[in-house]
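**Q** I have a structure I would like to understand better, so I am pasting it below and will then ask my questions one at a time.
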Amino acid sequence: MSKIYDKYMEIKSRSEIKKLYKIVDAINNLEPRFSELSDEQLQEKTAELKAAVKEGKSLKDIRTEAFALVREASKRTTGLRHYDVQLIGGLVLSDLNIAQMQTGEGKTLVSSLPSFLFALEGKGVHVITSNEYLAKRDYELIGQIHRFLGLEVGLNLSKMETSEKQLAYSKDITYGTGNEFGFDYLRDNMVMSESEKVQRGQAYSIIDEIDSILIDEARTPLIIANKSDVSIELFHITSMLVKSFQPDKEVEVQLSFRQVHLTEEGIESIQKVFGIDNIYSSEHSVLMHYINQSLQAQFILRKDVDYIVREGKIELVDAFTGRIMEGRNLSYGLHQALEAKEGVKINEENLTQASVTVQNYFRMYKGLSGMTGSALPAQKEFMDIYNLDVIEIPTNRPKLREDFPDAIYSTLERKDIRILAEVKKYHETGRPILIGTTSIHQSERISALLKKNGIPHELLNAKTEEQEARTISMAGQKGQITIATNMAGRGTDILLGEDVAKLGGLHILGTERHESLRIDMQLRGRAGRQGDPGSSQFIVSLEDDLLHQYDVEDLEKWTKKMKSNEKGEILSPDPQKFINKVQESIENQHFSGRVHLLKLEDVLNQQRKTVYEMRNSILLSKTLTDTVLTTYNTVYQDILDTYLPDEVNMEDWEFDRLHAELSNILPLSLAFEELSYKERYQIEALVSPDLQSYKQDIAMKLQQEQAVYETRQHLLNQLDLAWVEHLDIMEELKDGIHLRSYAQEDPYRLFQMEGYKAFQETLHNYHHSVAKNLYNLYNRTEEMEDTSL
């Protein structure tokens with residue numbers, strides 16, 4: 001099915017390119033006329049195009065002229081002229097699709113075309129890069145084209161003050177990282193005043209390296225958290241306990257799914273240690289949470305792969321770039337479990353205040369598009385989740401790079417011997433070599449191997465983004481050997497040094513296959529840019545991490561059949577086909593994981609929308625009278641429904657609780673005895689004068705500015721508190737959902753149902769706390785001032 005889909009998309013892509021070339025011809029026809037215009041006349045064209053959009057013309061109606069205008073402005077400011085294939089890329093983006101363009105084809109310049117076009121609507125365009133170094137670079141390089149044409153360009157950085165961010169977002173085009181735009185969205189929904197917001201909304205987004213951001217980072221939600229109390233002693237105990245557990249004895253470990261489960265033997269061990277009968281009972285839910293996190297830390301998260309220990313602290317590693325993620329912590333006690341595992345100081349736990357997945361943040365944009373060199377293997381996922389087509393853009397010049405088949409060895413030792421031989425062979429010719437690894441640990445291992453053999457090289461580990469880009473850019477110089485994680489320096493071209501092309505260009509040596517074919521494509525794509533010569537090869541072994549995640553039985557069956565030469569290189573049965581099969585299997589598992597996450601997140605996303613709409617309503621309301629009175633009506637009816645239920649006889653109604661609850665939300669003049677043993681309609685008639693009088697008092701109070709301010713702060717604080725507690729409840733539900741699937745229950749339907757119940761309970765608690773607290777607030781103020789607020 002996948003191959004049929006891929007073939008269909010290939011035909012569709014070719015057909016689309018053929019149509020777009022007609023528009024390119026029209027853009028080219030405008031070039032002579034535009035080149036004769038003065039700078040001032042070109043800038044006037046921008047105003048004309050803006051006016052045309054205001055008058056009702058669509059962006060497609062004006063894009064031929066807009067693209068011709070940007071091309072001419074680029075020639076005058078940067079000295080760069082868009083190739084025809086770059087115009088094709090820009091047209092694909094303007095149609096809200098993904099442009100697959102090979103490394104070195106000038107994706108950055110391509111982005112100048114749709115960003116200008118989208119900006120003509122005046123709603124703001126967000127251009128997303130993979131790091132802040134690239135955001136600054138593109139802001140300066142491409143920004144000069146747009147500024148020349150009369151547009152304003154902004155830069156959104158993580159360390160900026162609110163006023164600086166507001167200025168950046170007010171511009172026609174704003175550059176920044178995906179994470180920072182997402183965090184700003186979350187922070188905007190935590191402000192206590194509308195004037196503190198920074199974003200204007202989500203109109204258009206153009207994402208560079210779109211597969212990295214929308215797929216590779218999609219399993220990690222964006223989270224804003226605060227500190228909460230943890231039991232350090234309990235983390236120490238659970239960590240020590242699970243360290244004694246063995247796979248296939250006390251636990252079952254599934255690395256490919258990043259899951260670990262207790263066996264019956266493991267459950268009995270825990271219950272014996274803690275002296276309890278049932279670890280899964282609700283009274284032991286906190287203990288179970290600590291145990292689950294300790295299991296994840298011990299059996300799933302790997303030192304020097306997923307994290308490093310530096311200066312007594314756990315620092316997370318980005319699995320796709322190999323970079324240290326400064327200041328990032330795991331949530332829900334997992335970071336503390338890692339600290340206990342590694343014997344470093346255990347810090348306070350992060351309590352989530354706001355969160356959103358990458359998928360749901362970017363799906364809010366009216367127009368989403370992006371560029372990459374490796375989207376095709378994930379084109380079905382892009383369509384299913386983001387409704388984005390992938391269109392492959394022709395290269396400006398024919399590709400000369402030679403991609404050799406993988407060399408596959410039975411052991412790591414044999415593989416290293418071949419890697420060393422290959423490095424020496426290419427280094428002797430003067431050709432530069434880029435050695436790609438899948439982790440910091442592996443890059444350090446290869447570096448030690450070369451050092452031991454006296455081979456000079458540059459190791460690219462844990463450097464700043466700017467240093468990383470500089471090192472990668474020099475990797476094409478004669479005789480240069482660079483070791484880097486596969487994704488390091490992504491977005492930076494490697495230019496060949498003098499005479500290097502004559503020697504054969506840059507050679508890429510991959511030391512392991514990545515879990516994703518797309519990452520391997522990115523590594524290969526480092527060589528052979530813009531028709532340069534080059535070559536690539538992966539040298540791998542059956543002891544690589546990738547194989548550890550594959551089905552053990554299938555691997556054993558294959559290894560029994562394999563045949564090797566005297567150097568340990570596997571010759572049959574078709575090792576390339578097997579490695580591809582392993583990689584595809586793991587990619588499918590990751591895809592399933594992202595779909596699973598999205599299904600669960602969609603439940604929370606609807607709840608988030610509801611809460612954020614409530615928040616915005618509170619922020620924007622001038623008097624809050626309707627909001628507060630609606631809350632009182634809701635709570636009043638809810639109290640009557642709770643203590644005077646129709647299905648229960650009057651004799652069993654809780655009149656004492658009814659009187660107490662009503663006294664908590666309004667100045668009740670009736671004694672308990674006056675409400676007892678009466679029909680509901682009689683009680684409503686008795687309470688009505690007090691209720692109506694109090695509601696009139698509230699309406700009067702909320703005509704005063706100070707009362708509105710205090711009420712608004714109170715409503716927002718209560719809503720935020722309720723939302724934080726709800727996020728914690730939903731995370732616990734999510735954690736336990738896999739256990740329910742073992743009981744032949746549909747986990748998604750259950751999560752939806754239980755999530756809905758939890759959300760209704762959260763809203764119920766919020767309204768009740770607001771009614772009680774506002775009553776106390778208003779009464780306290782009256783007592784203090786003997787006047788209304």
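The values are calculated or read from the model by the stated rules, or taken from the named source; none is laboratory data. The structure displayed is predicted, hence computed values, not measured ones. Neighbour counts run over all protein chains shown; Cβ positions are idealised from the backbone, glycine included.
**Q** Kindly evaluate Lys341 against the criterion of being modelled with pLDDT of 95 or more and more than 30 Å from Leu113 (Cα to Cα). Lay out the reasoning, then the answer.
**A** Values: modelled with pLDDT of 95 or more: yes; more than 30 Å from Leu113 (Cα to Cα): yes.
Spelling it out, Lys341 is indeed modelled with pLDDT of 95 or more and more than 30 Å from Leu113 (Cα to Cα).
**Q** Condition check: surrounded by fewer than 16 Cβ atoms within 10 Å (Cβ to Cβ), at pLDDT below 95 and within 30 Å of Ile88 (Cβ to Cβ). Does Pro405 satisfy that?
**A** Taking the combined requirement at face value, the residue does not satisfy it.
**Q** Would you check if Gln549 is under 30 Å from Glu731 (Cα atoms), surrounded by 16 or more Cβ atoms within 10 Å (Cβ to Cβ) and in the same structural domain as Asp520 (by TED's automatic domain parsing)? Break it down stepwise before answering.
**A** Values: under 30 Å from Glu731 (Cα atoms): yes; surrounded by 16 or more Cβ atoms within 10 Å (Cβ to Cβ): yes; in the same structural domain as Asp520 (by TED's automatic domain parsing): yes.
When the stated conditions are applied, Gln549 passes them.
**Q** As an exercise: evaluate Ser369 against (1) at pLDDT 85 or above; (2) more than 29 Å from Gly176 (Cα to Cα) and give the number of the one condition it does not meet.
**A** Going through (1) at pLDDT 85 or above; (2) more than 29 Å from Gly176 (Cα to Cα) one by one, Ser369 breaks only (2).
**Q** Find the residue count for the stretch 626-670, including only residues that are within 20 Å of Asn765 (Cα to Cα) and in a helix (DSSP H, G or I).
**A** The qualifying residues number 27.
**Q** Quick one: would you say Lys581 is surrounded by fewer than 13 Cβ atoms within 10 Å (Cβ to Cβ) and out of contact with any strand residue (DSSP E or B) (no Cβ under 6 Å at 6 or more places or on another chain)?
**A** It is false that Lys581 is surrounded by fewer than 13 Cβ atoms within 10 Å (Cβ to Cβ) and out of contact with any strand residue (DSSP E or B) (no Cβ under 6 Å at 6 or more places or on another chain).
**Q** Still on this structure, please answer the following. Can you name every residue in the stretch 342-363 that is touching a residue at least 40 places away in the same chain (Cβ under 8 Å), assigned to a loop (DSSP other than H, G, I, E, B) and within 17 Å of Val603 (Cβ to Cβ)?
**A** Thr357
**Q** Output the number of residues of the stretch 302-329 satisfying the condition of being under 24 Å from Gln254 (Cα atoms) and in a loop (DSSP other than H, G, I, E, B).
**A** Going through the stretch 302-329 one residue at a time, the tally reaches 10.
**Q** So, one more: Could you look through the stretch 25-59, keep only residues that are touching a residue at least 12 places away in the same chain (Cβ under 8 Å) and of a type in the set (Lys, Arg), and pick out the one that is nearest to Ser94 (Cα to Cα)?
**A** Lys50
**Q** May I pose another question? Given the criteria surrounded by 18 or more Cβ atoms within 10 Å (Cβ to Cβ), among the basic types (Lys, Arg) and either outside any helix (DSSP H, G or I) or modelled with pLDDT under 85 (or both), does Arg608 qualify? Spell out the reasoning first.
**A** Numbers: surrounded by 18 or more Cβ atoms within 10 Å (Cβ to Cβ): yes; among the basic types (Lys, Arg): yes; either outside any helix (DSSP H, G or I) or modelled with pLDDT under 85 (or both): no.
For Arg608, the condition - surrounded by 18 or more Cβ atoms within 10 Å (Cβ to Cβ), among the basic types (Lys, Arg) and either outside any helix (DSSP H, G or I) or modelled with pLDDT under 85 (or both) - is not met.
**Q** Kindly indicate the residue of the stretch 336-360 that is of a type in the set (S, T, N, Q) and touching a Phe, Trp or Tyr at 6+ places or on another chain (Cβ under 9 Å) and also farthest from Leu234 (Cα to Cα) among those meeting that condition.
**A** Our first condition is that a residue be of a type in the set (S, T, N, Q); within the stretch 336-360, this holds for 336, 347, 350, 352-353, 355, 357, 359-360.
Imposing the further condition that a residue be touching a Phe, Trp or Tyr at 6+ places or on another chain (Cβ under 9 Å) reduces the set to 336, 350, 352-353, 359.
Details: Gln336: 11, Asn350: 17, Thr352: 21, Gln353: 24, Gln359: 35 Å.
Looking at the filtered set, the residue picked out is Gln359.
**Q** Exactly one condition in (1) in a loop (DSSP other than H, G, I, E, B); (2) without any contact (Cβ under 8 Å) to a residue 60 or more places away in the chain; (3) of a type in the set (A, V, I, L, M, F, W, C) is not met by Ala527; state its number.
**A** In the conditions (1) in a loop (DSSP other than H, G, I, E, B); (2) without any contact (Cβ under 8 Å) to a residue 60 or more places away in the chain; (3) of a type in the set (A, V, I, L, M, F, W, C), Ala527 misses (2) alone.
**Q** Scan the stretch 613-667 for residues that are of a type in the set (Ser, Thr, Tyr) and surrounded by 19 or more Cβ atoms within 10 Å (Cβ to Cβ) and jot them down.
**A** From the stretch 613-667, those of a type in the set (Ser, Thr, Tyr) are 617, 621, 623, 625, 627, 630-632, 634, 636, 642-643, 663; that's our starting set.
Across the stretch 613-667, the qualifying residues are Thr631, Tyr632, Tyr636, Tyr643.
**Q** Okay, next question. Could you count how many residues in the stretch 715-738 are in contact with a Leu (Cβ under 6 Å, 6 or more places away or on another chain) and at pLDDT 85 or above? Outline the logic, then answer.
**A** We begin by selecting, within the stretch 715-738, every residue in contact with a Leu (Cβ under 6 Å, 6 or more places away or on another chain); these are 730, 734.
Now drop any that are not at pLDDT 85 or above, which leaves 730.
Qualifying residue count, the stretch 715-738: 1.
**Q** On the basis of being assigned to a helix (DSSP H, G or I), under 25 Å from Ala375 (Cα atoms) and small (Gly, Ala, Ser), does Ser111 make the cut?
**A** Numbers: assigned to a helix (DSSP H, G or I): yes; under 25 Å from Ala375 (Cα atoms): yes; small (Gly, Ala, Ser): yes.
The answer is yes for Ser111.
**Q** Which is in contact (Cβ under 8 Å) with a residue 12 or more places away in the chain and touching a strand residue (DSSP E or B) at 6+ places or on another chain (Cβ under 6 Å), of Leu120, Leu155?
**A** Just a single option satisfies the conditions, and that option is Leu155.
**Q** Could you say which residue among Ser111, Ser35 is in the same structural domain as Leu149 (by TED's automatic domain parsing) and crowded, with 23+ Cβ neighbours inside 10 Å?
**A** Only one candidate qualifies: Ser111.
**Q** Test each condition in (1) at pLDDT below 90; (2) in contact with a strand residue (DSSP E or B) (Cβ under 9 Å, 6 or more places away or on another chain); (3) surrounded by fewer than 21 Cβ atoms within 10 Å (Cβ to Cβ) for Asn292 and report the one that comes out false.
**A** Failing condition for Asn292: (3).
**Q** Kindly evaluate Leu600 against the criterion of being touching a Lys or Arg at 6+ places or on another chain (Cβ under 6 Å) and either at positive phi or among the aliphatic types (A, V, I, L, M) (or both).
**A** Working: touching a Lys or Arg at 6+ places or on another chain (Cβ under 6 Å): yes; either at positive phi or among the aliphatic types (A, V, I, L, M) (or both): yes.
Yes, satisfied.
**Q** Among the numbered criteria (1) outside the structural domain of His514 (by TED's automatic domain parsing); (2) hydrophobic (A, V, I, L, M, F, W, C); (3) touching a residue at least 12 places away in the same chain (Cβ under 8 Å), which single criterion is violated by Met325?
**A** (3)
**Q** Consider Gly370 against the criteria (1) surrounded by fewer than 21 Cβ atoms within 10 Å (Cβ to Cβ); (2) touching a strand residue (DSSP E or B) at 6+ places or on another chain (Cβ under 6 Å); (3) closer than 20 Å to Glu209 by Cβ: it satisfies all of them except one. Which criterion is unmet?
**A** That leaves (1) as the condition not met.
**Q** Return a yes/no flag: does the stretch 266-278 have any residue that is outside the structural domain of Thr437 (by TED's automatic domain parsing), of a type in the set (Phe, Trp, Tyr) and modelled with pLDDT under 90. Break it down into steps so the answer makes sense when it comes.
**A** Initially, the stretch 266-278 is screened for residues outside the structural domain of Thr437 (by TED's automatic domain parsing), giving 266-278.
Remaining after also requiring of a type in the set (Phe, Trp, Tyr): 274.
Add one more test, that the residue is modelled with pLDDT under 90, and what stays is none.
There is no residue in the stretch 266-278 that is outside the structural domain of Thr437 (by TED's automatic domain parsing), of a type in the set (Phe, Trp, Tyr) and modelled with pLDDT under 90.
**Q** Working carefully through the options Gln86, Gln43, find the one that is within 31 Å of the chain's Cα centre (by Cα), of a type outside the set (Gly, Ala, Ser), in the same structural domain as Phe116 (by TED's automatic domain parsing) and within 21 Å of Tyr139 (Cβ to Cβ). Talk me through it step by step, then tell me what you get.
**A** Numbers: Gln43 fails: within 31 Å of the chain's Cα centre (by Cα).
Of the residues listed, the single one that is within 31 Å of the chain's Cα centre (by Cα), of a type outside the set (Gly, Ala, Ser), in the same structural domain as Phe116 (by TED's automatic domain parsing) and within 21 Å of Tyr139 (Cβ to Cβ) is Gln86.
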